[in-house]
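Colleague: Quick one: structure below, then a few questions.
The values are calculated or read from the model by the stated rules, or taken from the named source; none is laboratory data. Note that the coordinates shown come from a computational prediction; the quantities given were computed from them, not determined experimentally. Methodologically, a virtual Cβ is constructed for each residue, glycine included, from the backbone with ideal geometry; neighbour enumeration extends over all protein chains shown. Surface areas here come from the heavy atoms of the whole protein model, side chains and all, with no ligands, DNA or RNA. Shrake-Rupley method; radii C 1.70, N 1.55, O 1.52, S 1.80 Å.
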Amino acid sequence: MLATTYYGFTVPQIIGIVVVFIVVVFIYVTIRDKMNRKKAQNGEDREHIWNILQSSVPQIEKYTRAYGCWEWSTYQGKKTITSYWYYGLAFNQDRMYVVPLSCEGGDVSYSNAYCIEKSDVAIVNGKKGDKWVELYDRSQKELLSVSVFPENLNDDKYHPVNIMQPDEARAFVEWKDKWMDEVNTANHVEVTGKMKKPVKVQRI
């Protein structure tokens, strides 16, 4: 009885090749994950971004520092375009400093910091306890969209740093929730908690 072949391989051979491929990929991903976690624990990327904030933000000791990122997908027919942004953040209850980062070829560079005063924010969109926020002014112009995650691993070129920041992520959520309460109440705004669709009801 002749065995059925595909491109010169029998079915058992093809199954064997697929299994070996899956095992190799699994081992590669596991090793890469362990290496990234070790780098994150060593804190080299974190220290570099913290130093950028140190040199960019006046009186940095009065702020909580964090690494933030944002990604957003748009659709053009069957094509999906995803954009990525990276930030160094320094925040307290009065303002947030934002330092745009560029992560090209494994190197992190930065441009000038800008400041978002709490008094200039009219809408704080998000969900209580979530790790993302959108800030808008009184004309509903977006000032910033950002997420702060406790764990950031260099999984690919679009996720370029290894940073562990559980305390900072927790502080960011507390800061965001407080701004949601205070800013939205002061401006009589009820937000949707849906990204890019901030306002649910504006009573005045």
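Colleague: Scan 136, 97 and give me the residue that is open to solvent by less than 50 Å² (accessible area, probe 1.4 Å), farther than 28 Å from residue 164 by Cβ, at pLDDT 95 or above and not aliphatic (A, V, I, L, M).
Modeller: 136 is the lone residue from the list that is open to solvent by less than 50 Å² (accessible area, probe 1.4 Å), farther than 28 Å from residue 164 by Cβ, at pLDDT 95 or above and not aliphatic (A, V, I, L, M).
Colleague: Moving on. Given 148, 183, 124, which one is modelled with pLDDT of 95 or more, buried (at least 17 other Cβ atoms within 10 Å of the Cβ), closer than 29 Å to residue 200 by Cβ and within 16 Å of the chain's Cα centre (by Cα)? Steps first, answer last, please.
Modeller: Details: 183 fails: within 16 Å of the chain's Cα centre (by Cα); 124 fails: within 16 Å of the chain's Cα centre (by Cα).
Sole residue among the options that is modelled with pLDDT of 95 or more, buried (at least 17 other Cβ atoms within 10 Å of the Cβ), closer than 29 Å to residue 200 by Cβ and within 16 Å of the chain's Cα centre (by Cα): 148.
Colleague: Based on this model, can you work out whether residue 131 counts as of a type in the set (D, E, K, R), at pLDDT 95 or above, closer than 30 Å to residue 44 by Cα and open to solvent by less than 70 Å² (accessible area, probe 1.4 Å)?
Modeller: Numbers: of a type in the set (D, E, K, R): yes; at pLDDT 95 or above: yes; closer than 30 Å to residue 44 by Cα: yes; open to solvent by less than 70 Å² (accessible area, probe 1.4 Å): no.
Considered against the rule, which asks whether it is of a type in the set (D, E, K, R), at pLDDT 95 or above, closer than 30 Å to residue 44 by Cα and open to solvent by less than 70 Å² (accessible area, probe 1.4 Å), residue 131 comes out as no.
Colleague: Which numbered condition trips up residue 154, out of (1) in contact (Cβ under 8 Å) with a residue 40 or more places away in the chain; (2) open to solvent by less than 50 Å² (accessible area, probe 1.4 Å); (3) under 13 Å from the mean Cα position of the chain (by Cα)?
Modeller: (2)
Colleague: Is there a residue in segment 166-178 that is more than 20 Å from the chain's Cα centre (by Cα) and more than 21 Å from residue 60 (Cβ to Cβ)?
Modeller: So far as segment 166-178 goes, no, none of its residues is more than 20 Å from the chain's Cα centre (by Cα) and more than 21 Å from residue 60 (Cβ to Cβ).
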